[in-house]
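Step one of this worksheet: look at the structure below.
The values are calculated or read from the model by the stated rules, or taken from the named source; none is laboratory data. All figures in this text were calculated on a predicted structure; none of them were measured in a lab. In this analysis, Cβ positions are derived from the backbone assuming ideal geometry, glycine residues included, and neighbour counts consider all displayed protein chains. Just the protein is used for accessible areas: all its heavy atoms, side chains included, with ligands, DNA and RNA removed. Shrake-Rupley method; radii C 1.70, N 1.55, O 1.52, S 1.80 Å.
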Amino acid sequence: MKKLKKNSSKIFVWSYLEGYKKNKKNILDIVDRVFESGNLILSKEVSNFEKNFATFTNNSYGIGVNSGTDALQIALMSIGVKKDDEIITVSNTAVPTVSAIVSCNARPIFVDINKDDYLINTALIEEQINKKTKAIIPVNLYGQSANYDEIKKISKKYNLKIIEDCAQSSGALYKKKPSGSFGDLSAFSFYPTKNLGGYGDGGMIVTKNYKYAQLSMKLRKYGMSKLYYSEKHGINSRLDEVHAAILNFQLTKLKSNIIKRRKIAKIYNENLKKNNLILPIENKNNYHSYYAYVVRHPQRSRIINYLLKNNIFCNISYPFPIHSMKGYTNFIKKRNDLKVTEKLSKEIFSLPIYPELTSEKLEKVIKIINKF
Ligand SMILES: Cc1ncc(COP(=O)(O)O)c(C=O)c1O
């Protein structure tokens, strides 16, 4: 009890506990229903969720897997990525965007990002394309889609595949079309912090292409399409029934939760504009889902420490661009000019945002920042 009280004065950048309290009965009923069903892995709940989520993203097929990382890797394997193929992406992203490429023995080629929306700078993509280039992975970072008009044009011109990294963009729109509807395949994460977050790990590949769907389905199960017989080297990446059933329930709340996130973002925008933080922008073609509310300031650590002293917890995504990490430098063939990425990694940080963030807590964050 004491611990709960102590925690209630803290403002976390994200929390699932309030959402769980609100939906506890529904969730526990779902858990019980699944446990009583006699099926725990890749059964009816998974296929229901696959159908619903494929429809939600304007796709024909959904393939539930164990994580967003696996969704990316299987998507890459499904388009036939092989050793030394080059995949164009960004360095300002979560490690898994790039670890999935490296797991396929391919090479990440980094392109710099825009300085206003922090997304892939499409004007810099063409100069990186050569015979080895196989695909582009645009990352819909922080809940906002990349510029798919341009990306589609380029992919068509050079016959490249697009794999959308939608780990952070469930429910976002680009030109009124859902995130995940622009790629040949798109990869989603249902990690608990995500807009469509589960109660454990989970991910999904969505596609309109029958051949890719069939292949992804095999690859998530050791390359098997019949029991105990592998037709192609694959991996083990299954989605659990209990997670799929809870995610199906969470999906019914996704749109309203994004409206709540957007309201919080609007309140931040209106009340923080007078100080010298650089606030996030919503591009004119986008419906931002505000997975994260990312601001910029050259004195980031001073602000974060000051907020921490006031029990407000921020996040930095991401403090280290992938190309600067020891774990990845060996896989980088050419160190492109990534000035914007590097500068931003020293300045960006995220303020608390999640659907159940109370107006009282939100006001406190704003008041403390404005006092700084
Ligand atoms: C941009 C991005 N890509 C991929 C992933 C991987 O998702 P997961 O954590 O479910 O493997 C994440 C999540 O951390 C992410 O933020």
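If you take the residues of segment 107-144 that are open to solvent by 50 Å² or more (accessible area, probe 1.4 Å) and touching a Phe, Trp or Tyr at 6+ places or on another chain (Cβ under 9 Å), which of them is farthest from His323 (Cα to Cα)?
Glu126
Within segment 267-304, work out how many residues are open to solvent by 70 Å² or more (accessible area, probe 1.4 Å) and assigned to a loop (DSSP other than H, G, I, E, B).
7
Check Ala71 against each of (1) more than 17 Å from Gly327 (Cα to Cα); (2) without any contact (Cβ under 8 Å) to a residue 60 or more places away in the chain; (3) part of a helix (DSSP H, G or I) and name the one condition it does not meet.
Here Ala71 meets the rest and fails (2).
If we scan segment 299-321, do we find a residue that is among the aromatic types (Phe, Trp, Tyr) and over 30 Å from Ser103 (Cβ atoms)?
Taking every residue of segment 299-321 in turn, at least one turns out to be among the aromatic types (Phe, Trp, Tyr) and over 30 Å from Ser103 (Cβ atoms).
Which of the strands (runs of 3 or more DSSP E) found entirely inside segment 122-232 contain at least 1 residues meeting this: small (Gly, Ala, Ser)?
By residue number, 133-136, 185-189, 203-207, 224-226.
Find the residue count for segment 45-60, including only residues that are in contact (Cβ under 8 Å) with a residue 24 or more places away in the chain and open to solvent by 60 Å² or more (accessible area, probe 1.4 Å).
Counting residues in segment 45-60 that are in contact (Cβ under 8 Å) with a residue 24 or more places away in the chain and open to solvent by 60 Å² or more (accessible area, probe 1.4 Å) gives 4.
Is it fair to say Tyr191 is within 15 Å of the ligand (Cβ to nearest atom), under 30 Å from Glu50 (Cβ atoms), touching a Gly at 6+ places or on another chain (Cβ under 7 Å) and open to solvent by 20 Å² or more (accessible area, probe 1.4 Å)?
yes
Out of all the residues in segment 234-255, is one or more in a helix (DSSP H, G or I) and open to solvent by 70 Å² or more (accessible area, probe 1.4 Å)?
Checking segment 234-255: at least one residue is in a helix (DSSP H, G or I) and open to solvent by 70 Å² or more (accessible area, probe 1.4 Å).
Evaluate the following for Pro355: is it over 30 Å from Asp84 (Cβ atoms), surrounded by 15 or more Cβ atoms within 10 Å (Cβ to Cβ) and under 20 Å from the mean Cα position of the chain (by Cα)?
yes
Within segment 75-121, can you find the residues that are without any contact (Cβ under 8 Å) to a residue 24 or more places away in the chain and touching a strand residue (DSSP E or B) at 6+ places or on another chain (Cβ under 7 Å)?
Hits for segment 75-121: nothing passes.
What number of residues in segment 90-106 are open to solvent by less than 10 Å² (accessible area, probe 1.4 Å), over 14 Å from the mean Cα position of the chain (by Cα) and within 15 Å of the ligand (Cβ to nearest atom)?
2
Which of the numbered conditions does Ser237 fail, given that it passes all the others? Conditions: (1) in contact (Cβ under 8 Å) with a residue 40 or more places away in the chain; (2) small (Gly, Ala, Ser); (3) away from the ligand (no atom under 16 Å from the Cβ).
That leaves (3) as the condition not met.
So, in segment 160-187, exactly how many residues are more than 15 Å from Leu76 (Cβ to Cβ) and either touching a residue at least 60 places away in the same chain (Cβ under 8 Å) or within 15 Å of the ligand (Cβ to nearest atom) (or both)?
14
Among the numbered conditions (1) open to solvent by 20 Å² or more (accessible area, probe 1.4 Å); (2) away from the ligand (no atom under 16 Å from the Cβ); (3) within 22 Å of the chain's Cα centre (by Cα); (4) aliphatic (A, V, I, L, M), tell me where Ile41 comes up short.
(3)
If I filter segment 325-352 down to residues being at pLDDT below 95 and crowded, with 16+ Cβ neighbours inside 10 Å, which single residue comes out as nearest to Ser103 (Cα to Cα)?
In this case the residue turns out to be Phe331.
In the set Leu344, Leu307, which member is within 25 Å of Asn257 (Cβ to Cβ), aliphatic (A, V, I, L, M) and in a helix (DSSP H, G or I)?
Going through Leu344, Leu307 in turn, just one is within 25 Å of Asn257 (Cβ to Cβ), aliphatic (A, V, I, L, M) and in a helix (DSSP H, G or I): Leu307.
Being modelled with pLDDT of 95 or more, more than 13 Å from the ligand (Cβ to nearest atom) and open to solvent by less than 10 Å² (accessible area, probe 1.4 Å): is that true of Ile87 here?
In short, yes.
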